[in-house]
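First the structure, in the form of structure tokens, and then the observations on it.
Since every read-out is calculated from the coordinates, none of them should be taken as a lab result. Quantities reported herein were computed from a predicted structural model and do not represent experimental measurements. Because the Cβ atoms are built from the backbone with ideal geometry, glycine has one as well, and the counts that use them run over all protein chains shown.
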Amino acid sequence: MTRTPVVVIGGGQAGLAMSHHLGSRGIDHVVLERGEVANSWRTERWDSLRMLTPNWMTRLPGHRYEGPDPDGFMTKDETIGLLETYGRSFDAPIRPGVTVEQVRAESTGFEVLTDQGSWSCDAVVAATGASSEPRLPAVAPEIPPAIEQLTALQYRNPDRLASGEVLVVGASASGAQIADELQRSGRQVTLAVGEHVRLQRSYRGRDIHWWMDAIGQLDERFDEVDDINRARRLPSLQLVGSPEHRTLDINTLRSAGVGIVGKLMGVAGSRAQFSGALRNLVANADLKQNRLLDRIDEFATEHGLDTELSETTRPDPTDPGAAPTELELGRFRTIVWATGYRPTYPWLDRTAFDRRGRLVHDGGVASLSGLYMLGLPFLRRRKSSFVDGVGADAAELASHLHAHLDRRVSA
């Protein structure tokens, strides 16, 4: 058994950010990665995917983007290259190809069992992110077996799907982008729309993330919101990163020929049933977007930016059209489930969970002493799941972890 003070599980952006902060504090540690650095980007992302945040927001501890296209959006391969280079820049102690099988809490700390041996440590950082497992709706098993089903984690490109019409279920970032790509490839696509967060790509001449960063929304903390559990469950932003800086919402999808229906509610015989509340959902998304744009306009006026910005032009209200509430399932050859993800920790000591199987933590500090979580949505601030957010979270958790190690030494 190998002894080290800290074991970090996961070699993506969160694990590397934590490694950087631990190393700068002189804390010995190891980063265990089941595949290679940026494994999720390599194996669980579609080919054309780009970052949703502009390149200037690609900020990690000790790293800032200095390339020629600060307002562009990194491709999948560029993101993999970034994380590889970042890990090498500070010689992160990464062990690739190591699968964690069990983490046991003991009186002396933790024992981490893997397929490549075991580690004894005082603290564990679970940095495997929020997209370990797709969330599938209860209706999924009722889909006829003749229809191909795959999740957004399995989707790669239009050529990999069977020929014919496609139903994409879920209209947040993944679902909207996949539906857009499939429709542009010549497929006929229907998009089932549930709760979503509508946002323009740009407003008054600046990227929407520039505005959210400027007004402080991305730095809102987990202990400052009224309902943190609700905030952590919000769908991802309905955005796309593209060279053209396109806006991608229901209006643009519908204009491109995508059929729009409400949330998939059930299957009755050979027919799919969809919610009739679609107009209420899109009206609510429009309302929330306009509230944010109001806040941006107020900020611009207060800071004297109005003269240098383009005029205020609000997006048109969402028009979903005459969305049917039933469709024959037989018309579809493929269903793509873009219904969200959940983090999973099958290897983690059961004492870290409550009776409902939910991981118990306060801003990434688990109830199980010495255990930390990193890379989850709104973990400590609204941007926690962004590349730009994990560094600040990692700094605070590394400070807490350092104090935990000091207490153990004193004891």
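Taking every DSSP beta bridge that has both residues in the chain, what percent is antiparallel when rounded to the nearest 5?
45
Determine, for S118, S19, S270, S275, the number of other Cβ atoms within 10 Å of each Cβ, and report the residues in order from fewest to most.
Ranking S118, S19, S270, S275 by Cβ neighbours within 10 Å, fewest first, gives S270, S118, S275, S19.
What percent does the relative contact order of segment 135-337 come to when contacts are Cα pairs within less than 8 Å and at least six residues apart?
With pairs under 8 Å counted, the relative contact order is 34 percent.
What residues of segment 26-55 lie in the reach of a label at T99, counting those whose backbone N is under 14 Å from a point 7 Å from the Cα along Cα→Cβ?
Backbone N within reach: 33-36.
Cα centroids of segment 76-108 and segment 12-47: how far apart, whole angstrom?
3
About the Cα centre of the chain, what is the dipole size in debye to 20, counting +1 per Lys and Arg Cβ and -1 per Asp and Glu Cβ, all else neutral?
Its charge dipole is roughly 900 debye.
Determine, for D28, D354, the number of other Cβ atoms within 10 Å of each Cβ, and report the residues in order from fewest to most.
Least to most surrounded, the residues fall as D354, D28.
Can you tell me the order of 46-54, 186-194, 401-409, 135-143 when each peptide is scored by its average per-residue count of other Cβ atoms within 10 angstrom, highest first?
The most tightly packed comes first, giving 186-194, 46-54, 401-409, 135-143.
For S384, enumerate residues with amide H under 5 Å from its amide H, sequence gap 5+ or separate chain, H modeled in the peptide plane.
F378, L379
With r as the distance between the Cβ atoms of R291 and D226 and R0 = 22 Å, compute the FRET efficiency 1/(1 + (r/R0)^6) and round to 0.05.
The calculated FRET efficiency here is 0.90.
Give me the angle, in degrees from 0 to 90, between the Cα long axis of helix 278-302 and the longest principal axis of the Cα atoms of the chain, rounded to the nearest 10.
That works out to roughly 70 degrees.
Compute the FRET efficiency between L150 and S89 as 1/(1 + (r/R0)^6), taking r as their Cβ-Cβ distance and R0 = 35 Å, and round to the nearest 0.05.
Once the sixth-power term is evaluated, E becomes 0.45.
Over the chain, what is the mean sequence separation of C-alpha contacts under 8 Å (at least six apart), divided by residue count, expressed as relative contact order in percent?
Relative contact order for the chain comes out at 23 percent.
At R0 = 30 Å, how high is the FRET efficiency between R358 and E106 if r is their beta carbon distance? Nearest 0.05 is fine.
Calculated value: 0.85.
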